[in-house]
Amino acid sequence: MARDDSLLPSHIPDWASGAVYQIVVPSYMDSNGDGWGDLPGLISRLDYLQWLGVSALWLSPIYPSPLLDMGYDVADYTDVNPRFGTLADIDRLLEEAHRRDIHILLDFVPNHTSHEHPWFKESKACRDNPRRDWYLWRDPAPDGGPPNNWTNQFEQSDWTLDEATGQYYMHSFMPEQPDLNWWNPEVRATMFDVLRFWLKRGVDGFRIDAMVHLYKDPLLRDNPPAEDSSPEKWPAWNMLPAFSQDVGGLQEIVRELCGVVSEYPERIFIGENHLPPERLPLYYCSGLTHPSNSQLLDLEWDAIHVRRMIDRYEGFLTADQWPNWILGSHDNQRVAGHLGLERARVAAMMQLTLRGTPIMYYGEEIGMHNADIQPDLERDQLALRMPGRGRGRDFQRTPMQWSGEANAGFTHGKPWLPVADDFEHTNVEQQRDDPRRILNLYRRLLALRKEHDALRIGRYIPDVLDKRALVYVRQADAERVLVVLNFTEKPIEITPRAGGGRLLISSYLDREGDYVGAKLSLRANEGVAIELD
Ligand code: GLC
């Protein structure tokens, strides 16, 4: 299909306007019965992903790792964890995925390694080890305590004392995840070569983990207290990360990363951040980078609030900055768990009809809920190290529900995390042939994006402001599609400015093709897309 470059910036590959589907590899499909998902398992599900209609997969970290943080603790950047497979499996995945027009993004974890990485072992060995400066070592403060007041989500200092060498090292996350020193040119060059290693193999890009942490205040100044700090809150939330995240020099690092990735054509990367929308434009460069937009995570279901959020974000982006939308992730609640299944359908319709790349989370397409995990089966260190604080992230990482068979068809062995107990009625096999279930809603929406440039790359034009419904038009050349999403539990009547036309889809999946006038009647929690006259 001919492409209007004024709509999708010319430096963004076409495939990146399609949906990215995030996969937690340990939970997707187990091929060998050890209870852990793996690459051969994932390859066996590519036909499903093609049928669903996604454009790219973002894989959770697949590298050798003690897996203390689900792989976000890397012990070797250029190999594959034997639990997940081999480098040959990656090559086969790339080949099989590309054959199906599916692109592969790896999770790149540049801010920190595992404490088991040989670099850290060397760095820790003695003060004059050549790799000492690969990590952030500092002398204790005059009182013997940590060098500054930075704290992390584990409710502890970002600094751990190494008794043997008498210095503290820095970690933005767990002590087992020491931060690399990105001021060191050797570190930068080595990490850029890691990117090239995978790009050469044929991966289509990366998701950059914890991007905003990569550059810190060179003086490592104390963070200021947050305005609304209180003793009930975690220490980490009681201070503004002014000197530890999103600091000046970060843009330069992002530009350098961009330079490396652009050595290879048609690649992209998505930088993880949880910044307000006005900060996001700073982290775009030449269309390759997509600073993740986390505003829809743990969403507040209020049409005016969502509308303002979308309009603000759209307003901050320049013509060559392409948006993206995320509803759920391995760090956040599942959408259907948080909003309920009816609203999750409307949310899906919003995510897949807004302007920008939708970044879906595995299992969203079948409405997977937040699972109940018995405390003795929990794996996430946020739960294990802070029991009773309710911060664990296991409930959104449970195995994909493929069928009503034992362990939801995910494994023949004992799953590393229990399967959610709703798998008998929430699974792919059962929903696939049922034309009204959420799986077919996702599939139909993904197909519509491909069929209609207005939905795939068209302009976003807000329509009436209404507290009951979100209303907008997408337009590419003469094609205009009106989207109306009823955010209420009641039927509503609404008259968008844009007029009427032919119904492309209802989130109920039961009235495609009907002609509707300017005055629209919507059922409770119904979303519709209308091809305007
Ligand atoms: C990112 C990941 C999260 C991980 C953390 C440390 O925020 O999304 O899962 O725990 O980085 O790597």
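The values are calculated or read from the model by the stated rules, or taken from the named source; none is laboratory data. Please read these numbers as outputs of a predicted model, since none were measured by experiment. When we count neighbours, we look across all protein chains shown, and the Cβ atoms used for this are built from the backbone with ideal geometry, even at glycine.
Take E424 and tell me if it is away from the ligand (no atom under 15 Å from the Cβ), more than 20 Å from W36 (Cα to Cα) and not in a helix (DSSP H, G or I).
yes
Which residues, counting only those in segment 67-113, are over 22 Å from the mean Cα position of the chain (by Cα), within 16 Å of the ligand (Cβ to nearest atom) and hydroxyl-bearing (S, T, Y)?
Answer for segment 67-113, where residues must be over 22 Å from the mean Cα position of the chain (by Cα), within 16 Å of the ligand (Cβ to nearest atom) and hydroxyl-bearing (S, T, Y): there is none.
Please count how many residues of segment 512-530 are surrounded by fewer than 22 Cβ atoms within 10 Å (Cβ to Cβ), out of contact with any Gly (no Cβ under 8 Å at 6 or more places or on another chain) and assigned to a strand (DSSP E or B).
1
Counting just the residues of segment 294-323 that are touching a helix residue (DSSP H, G or I) at 6+ places or on another chain (Cβ under 9 Å) and among the hydroxyl-bearing types (S, T, Y), which one comes out farthest from the ligand (Cβ to nearest atom)?
The residue in question is T318.
If we scan segment 219-229, do we find a residue that is free of Cβ contacts under 8 Å to residues at least 60 places away in the same chain and within 20 Å of the chain's Cα centre (by Cα)?
Scanning segment 219-229, I find no residue that is free of Cβ contacts under 8 Å to residues at least 60 places away in the same chain and within 20 Å of the chain's Cα centre (by Cα), so the answer is no.
If we keep just the residues of segment 324-338 that are crowded, with 20+ Cβ neighbours inside 10 Å and more than 16 Å from the ligand (Cβ to nearest atom), which is farthest from D422 (Cα to Cα)?
Among those residues, the one meeting the criterion is W325.
Is one or more of the residues making up segment 200-212 away from the ligand (no atom under 16 Å from the Cβ), hydrophobic (A, V, I, L, M, F, W, C), assigned to a loop (DSSP other than H, G, I, E, B) and assigned by TED's automatic domain parsing to the domain that holds T289?
The answer is yes; a qualifying residue exists.
Considering each residue of segment 385-421, count those that are part of a helix (DSSP H, G or I), within 16 Å of the ligand (Cβ to nearest atom) and out of contact with any Asp or Glu (no Cβ under 6 Å at 6 or more places or on another chain), and give that number.
2
Kindly provide the set of residues from segment 120-135 that are out of contact with any Leu (no Cβ under 8 Å at 6 or more places or on another chain) and closer than 23 Å to D73 by Cα, ordered by number.
Across segment 120-135, the qualifying residues are F120, K121, E122, S123, K124, A125, C126, N129, P130, R131, R132, D133.
Is it the case that some residue within segment 57-66 is part of a loop (DSSP other than H, G, I, E, B), among the hydroxyl-bearing types (S, T, Y), more than 16 Å from the ligand (Cβ to nearest atom) and assigned by TED's automatic domain parsing to the domain that holds H330?
Within segment 57-66 (the criterion being part of a loop (DSSP other than H, G, I, E, B), among the hydroxyl-bearing types (S, T, Y), more than 16 Å from the ligand (Cβ to nearest atom) and assigned by TED's automatic domain parsing to the domain that holds H330), the answer is no, since none of the residues qualifies.
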